[in-house]
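Novice: Submitted below is the structure of interest, expressed as C-alpha cells.
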Amino acid sequence: MSKEQFIKDLSTILTDNLTIEEITPLIETPKDPKMGDLAFPAFQLARVFRKAPQQIAADIAEQLPAENYESVEAVGPYVNIKLKRDAIGQSIIEDVLENPETYGSNNDGEGGNVPIDMSSPNIAKPMSMGHLRSTVIGNALANISKKSGYNPIRINYLGDWGTQFGKLIVAYKLWGNEETVRENPVTELVKLYVHFHEVAEDQPELEDQAREVFKRLEDGDEEMLELWQWFRDESLKEFQKIYDLLDISFDSFNGEAFFNDKMQPIIDELEEKDLTVLSEGATIVDLEDQDLPPALIKKSDGATLYVTRDLAAATYRFENYDFSQSIYVVGNEQRVHFEQLKAVLNKMGHEWANNIVHVPFGLITKDGKKLSTRKGQIVLLEDVLNEAIDLALKQIEAKNPDLATKETVARQVGVGAVIFHDLKNERMNSFDFNLEDIVQFEGETGPYVQYTFARAKSILRRGEYVRGTDFNYDLTDDYSWELVKKIEQYGSVVRRAMRDYEPSVIAKYVIQLSQLFNKFYANVRILDEDDQLQSRLALVDAMTVVIKDALALLGLQAPEEM
C-alpha cells in the first residue's frame, strides 16, 4: 500500500535527519478519516530545523510529490495525506485474490523449528475448562508461526508422572474397584483423587504412603507401572474426544514419564560442572545471583522434581529439533519455574536457553472462583463444548431451519464460539466464563464473525460471482475504502501476533473487519447492475479470504451457510 510510498517520500525529504527505520513508527492514522489516511507528526524535527512544528509540516507538505497522493495537506504540526482510493483498492484486492492461500504470510521464521509445549493435561483427570487456554492459545500460536515461516511442532507434554500418581495408586488400592473404574475410568479416578485429599486432611500419613508408592513407580516396580500404564491409556482415549471436537492434533505426546531415564545425565552434568549443592539433604542449584529461589533438582529421598524433568525435556528438544524458538504455553503462576529453568540452563553453558519463551496466560474463572480438581470444582471441557454446540444448533434452527448441514455447522459454530471467546481476550487477562453470552450471533463473538463470512458468501452466490473476473476498481465511497484499508493491514497484524505471542491481535482484527463489512453491506447496494458490480463483488471476495484465513489461524472453521 502507499504507506511505504509515503515513508519513502518522507525519507527522501528528510534524508539527513531521519532514516526509514526512524520514520516508520512515527506514521499515524488520523482518528477522523476525513483528516486523511496517514499522518506524519513534525514535533521531533523542531530542534533540528529550529522552526515551529507547524512550519516544518508546511515545508514537508510542499515538497511531497503531489502526483503520488489524492491530497497532501499540512494541518498544524501534522502532514496529512489521502491516498488514491481507486489505484490502491485495485492493487490490494488483486493481491488478495491472486494469492488467497498466502496473503498476509511472511517468511520471518526462515523454516526454523518451533516446538510448542501446549495443553499438557494430567493423566487420570478429566480435561476441564482450566485446560482450554493452553490448548487453544498453543494451537493458535502454532498456526500463526507457520504463517510466519516457522515449522511448528505441537507437543502435548502430558502430566503423566509425579507424586500425584502415588496418591492415585494409594487411593485405588484402598477404595477402588477395578470393574467400576473400567466402566468409567477418568470419572472414577477423579473421585478417588478427590477422596484421597479429603481423607488425608485427617490422616496425613497417607501423604507419606503416596510418596513411597511414587518412589516404587520411579524405581520400576512392575505392579505400580502396570497401574500407571492403565490410567494413562484410558486417559488418552478421553482426551482424544476433546481434541477431535477442537480439531487439534499433536506431533508428540511425550509426557513427563518419557524423560524419566533422561534426567540422570542432566544431574551428572550439573554435578560435573559443580553447579549443585546439598541443602537439608536435597540437591539444589543456587540461583541467588539471579534473584531467584533455588532450583530443587532432587529431594532428600532421591525423587526428582518438575525442574529436573523440564531440564531433560528442554535438552532433548534442542538436540532433536535444533529449535530457533521453544515455546511453553503455560499459566502465569509458573513464571518463576521457567525463570529458574532458563537460569539453570544458562549456568550449564547452553546459550540456546535464551530462545526458550514462556507464554503465560491468566485464569478462567466460574462465578468468580478458580477451578480446582483437588477441591472437586470441575467444569468439564467436553460438557461445555457439547452445550455450546446445542446452543448454536437452536439459533441456527431459528434462523435457517432448512439448512441441510445444520448439525455440522452447529459444531463449527459452538466449538468456535468457545475458542474465539478465549482468544479475543488478551492472554494475560483472566476472565469469567458465561456460555450463553459467547454463543451469540451478535456482539464481539465467534458466531458473529462466522455469520459475517456466511453472509458475504451468500452475496457472492447471488451475484453469480466468479473469482478471476476482470474488474476496473473505481469505488470511492468511504465504506468500501475503510474495508480496503483494513484488508491491507492483515499482514502487519499477523506479524504483531507472532512478535507478541498474542492471538487476541488476530481475533480483535477480524471482529473489526467484520464490523466494517457489515457497515459496507448496510450502506452500499452491492448487487446493483452497474460498471462497478464486479469491483464490489471482488472486494467482498477479498474480505472473505481474509476472514477465513484469520479464523483458521485461531483454530475456527468458516461455514459458508448458517
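The values are calculated or read from the model by the stated rules, or taken from the named source; none is laboratory data. Treat the numbers as computed from the prediction; the structure is a model and nothing was measured. For neighbour counting, all protein chains shown are included, and Cβ atoms are generated from backbone atoms with ideal geometry for every residue, glycine included.
Novice: Give the range 130-152 a look and list any residue that's closer than 13 Å to Ile419 by Cβ and of a type in the set (Val, Ile, Thr), or say none.
Specialist: Within the range 130-152, Thr135, Val136, Ile137 qualify.
Novice: Check off (1) of a type outside the set (D, E, K, R); (2) surrounded by fewer than 18 Cβ atoms within 10 Å (Cβ to Cβ); (3) in contact (Cβ under 8 Å) with a residue 40 or more places away in the chain for Asn320 and give me the number that stays unchecked.
Specialist: (3)
Novice: So which helices (runs of 4 or more DSSP H) stay within the range 441-508 end to end and still have 3 or more residues that are surrounded by fewer than 17 Cβ atoms within 10 Å (Cβ to Cβ) and free of Cβ contacts under 8 Å to residues at least 24 places away in the same chain?
Specialist: Filter on the range 441-508 gives 490-499.
Novice: What do you reckon, is Arg525 in a helix (DSSP H, G or I), at pLDDT 95 or above and more than 24 Å from Val409 (Cβ to Cβ)?
Specialist: no
Here is a yes/no grid of residues against (1) free of Cβ contacts under 8 Å to residues at least 24 places away in the same chain; (2) among the aliphatic types (A, V, I, L, M); (3) in contact with a Lys or Arg (Cβ under 7 Å, 6 or more places away or on another chain):
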site	(1), (2), (3)
Gly331	no, no, no
His350	no, no, no
Asn354	yes, no, no
Leu381	no, yes, no
Ile396	no, yes, yes
Glu407	yes, no, no
Arg411	no, no, no
Leu423	no, yes, no
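Novice: Here's a follow-up. Quickly run through the range 201-219 and pick out the residues that are modelled with pLDDT of 90 or more and of a type outside the set (A, V, I, L, M).
Specialist: Across the range 201-219, the qualifying residues are Glu201, Asp202, Gln203, Pro204, Glu205, Glu207, Asp208, Gln209, Arg211, Glu212, Phe214, Arg216.
Novice: Right, another one. Among the residues of the range 43-65, which ones are under 30 Å from Asp477 (Cβ atoms) and exposed (fewer than 12 other Cβ atoms within 10 Å of the Cβ)?
Specialist: Of everything in the range 43-65, just one residue is under 30 Å from Asp477 (Cβ atoms) and exposed (fewer than 12 other Cβ atoms within 10 Å of the Cβ), namely Pro65.
Novice: May I pose another question? Hey, Thr276 hits all of (1) out of contact with any Ser or Thr (no Cβ under 6 Å at 6 or more places or on another chain); (2) more than 21 Å from Asp219 (Cα to Cα) but one; which does it fall short on?
Specialist: With respect to (1) out of contact with any Ser or Thr (no Cβ under 6 Å at 6 or more places or on another chain); (2) more than 21 Å from Asp219 (Cα to Cα), Thr276 is out only on (1).
Novice: Same structure, new question: So, in the range 100-143, how many residues would count as being aliphatic (A, V, I, L, M), touching a Pro at 6+ places or on another chain (Cβ under 9 Å) and modelled with pLDDT of 95 or more?
Specialist: 7
Novice: For the range 98-134, which residues satisfy the criterion of being closer than 30 Å to Asn68 by Cβ and part of a loop (DSSP other than H, G, I, E, B)?
Specialist: Matches in the range 98-134: Asn99, Pro100, Thr102, Tyr103, Gly104, Ser105, Asn106, Asn107, Asp108.
Novice: Does Glu179 satisfy being exposed (fewer than 13 other Cβ atoms within 10 Å of the Cβ), assigned to a helix (DSSP H, G or I) and at pLDDT 90 or above?
Specialist: Judged against the criteria, Glu179 is a match.
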